[in-house]
Amino acid sequence: MTYKSDFLNILTERGFVHQCSDFDALDAKLMEGVQSAYIGFDATATSLHIGNLTGIMMLKWFQECGHKPITLMGGGTSKIGDPSFKDEQRKLLDDDTINTNIQKIQDTCFKQFLNYGDGETDALMVNNDDWLANLHYLDFLRDYGRHFTINRMIKFDSVVTRLERESPLSLLEFNYMVMQGYDFVELNKRHNVILQMGGSDQWGNIINGVDLGHKSHQMKLMALTAPLLTTPDGVKMGKTVGGAVWLNAEMLSPYDYYQYWRNVDDVMVGTLLKRFTMMPMDEIAKLEALEGQEINEAKKVLAYEATKLCHGENAAIEAEETAQKVFEQGSVGDDLPSIEIDKSALETGANFVDLFIQLGLAESKGEVKRLIKGGGAKYNDKSVTSLDLILTANDLTDDGYIKLSSGKKRHALVKVK
């Protein structure tokens, strides 16, 4: 077990610290004994994605250092939707959808990273619908609404962005930051939570909770945020041609998850090893120092370790072996994305473009056209020269599949039922 006071040191050296409301006071509090901290997650899908992974890793290190992490599911706030940096109001979800999402997220996105249970340092999952759904509106406005000023709230970056774009910002969404601030107060009452963590884009919402706790109940609450991860060209990490990089294996296979990390930009490898693996810093330093073609070895380590954390060691081994077969041995592995079609479909002929898009190798016909023009679209390692290509049973390999490729690094299989 790591010493309780090491938490902030670990987060600092691994690049997790962007802002802290009171670094010294938080460090001193953590040295007193077991403390509780939380991060909130909206239940807007059946999975979290790697944009949420920084927060999950912060909670994991918090637990590794002998403290109690709390995952707060926004069963209540998901009914409203976080307006942060969005151009329009999110689609409102019904209770059944939200509850289904929460159960899926708990089973597929948290339990791999955190140890849940009844012990002092075991992780705990809570749902803010438990208290938000039972609020009496007039009482809430009287007791807590008076501590929020519109003057301050309209200065938050998320609100300023919407107003500058002249995008509508409803009263419903404006209440989101009030609800999030109240969550912190309620969690302190129920579970003695003293710290809320999150991404740097949540700083305003988190500080709202810190201030509300102080003004309403003289609570000593603290805030800690991590910098958002972006690619070298300034784009938020976590998006691919096929969409979000989901943590749920039902929505993104462990092999595709592995390949995402395997294909990151060279300059990001050291940062990602620090953030998304549990490797010792001295080992990371050695990998970070690699140059040229050797950096690919560091990427393999990153992909393996990140996949092991999210999907388990067996899935990481299988993904690594499949990648080796595809890229180093020229064959294919069982873990490649695939679809099955009726043999009759191949006898009459199947459209290459339709299969290519269905397998997630491209999002549109226009993208396939660009890949063909650049020589990046292939079947069975042969270049495709026309959008009108029709695949037939004659294109099946001896092993009974057709291999489709998008560039050098993304492959999938068409199999016959």
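Some observations on this one:
- Sorting the segments 193-202, 131-140 by their residues' average number of neighbouring beta-carbon atoms within 10 angstrom, most packed first, yields 193-202, 131-140.
- D_trans [Stokes-Einstein, Kirkwood Rh over alpha-carbon pairs] for the chain, 10 °C, 1.306 mPa s, µm² s⁻¹: 67
- Added length on full extension, which subtracts the Cα-Cα distance from 0.36 nm per residue, Ile317 to Lys286: 8.9 nm
- Modelled spin labels at Ile390 and Asn351, positioned 7 Å past Cα toward Cβ, are 1.3 nm from each other.
- Packing around the peptides 49-60, 263-274, taken as the average count of other Cβ atoms within 10 Å per residue, puts them in this order, highest first: 49-60, 263-274.
- Contour excess over end-to-end distance, with Cα ends at Leu228 and Tyr116 and 0.36 nm allotted per residue: 37.6 nm
- Helical segments meeting 27 Å axial Cα length and Kyte-Doolittle -0.5 threshold in the chain (DSSP H): 171-191
- Distance from the range 94-145 to the range 361-416 (C-alpha centre basis), Å: 45
- Scattering curve values for the range 195-241, log₁₀ I(q)/I(0), Debye with Cα scatterers, q = 0.25 Å⁻¹: -0.85
- Peptides 342-351, 355-364 ordered by packing proxy, namely the average of other Cβ atoms within 10 Å per residue, highest first: 355-364, 342-351.
- The fraction of accessible area contributed by carbon and sulfur in the chain is 47 percent, rounded to a whole number (1.4 Å probe; ligands and nucleic acids excluded).
- Furthest towards positive pole of dipole, Leu163, Gly55, Tyr144, structure part the range 46-175, Cβ charges: Leu163
- Partners for Lys111 among aspartates and glutamates (Cα-Cα distance below 16 Å; same-chain residues under 8 apart left out): Glu64, Asp122, Glu250, Glu313
- Highest GNM mean-square fluctuation among Asp143, Asp157, Asp354, for the chain modelled with Cα contacts below 10 Å: Asp143.
- Taking the centroid of alpha carbons for each part, the range 284-323 and the range 1-66 are 24 Å apart.
- Evaluated with a Cβ-only charge set (Lys, Arg +1; Asp, Glu -1), the chain carries a dipole of roughly 820 debye about its Cα centre, given to the nearest 20.
- Solvent-accessible area per residue in the range 113-182 equals 59 Å², computed with a 1.4 angstrom probe and all protein chains kept.
- Full-stretch length increase - Lys382, Leu135 - with 0.36 nm per residue and alpha-carbon distance subtracted: 82.6 nm
- Pairs from Lys299/Lys408; Lys382/Lys408; Lys60/Lys409 whose Cα-Cα separation, in the structure shown, is over 20 Å: Lys60/Lys409
The values are calculated or read from the model by the stated rules, or taken from the named source; none is laboratory data. Note that the structure is a prediction, hence the values are computed from the model and not measured. A quick note on method: Cβ atoms are made from the backbone with ideal geometry, for glycine too, and the neighbour counts reach across all protein chains shown. Areas reflect the complete protein model, heavy atoms only, side chains present, ligands, DNA and RNA absent. Shrake-Rupley method; radii C 1.70, N 1.55, O 1.52, S 1.80 Å.
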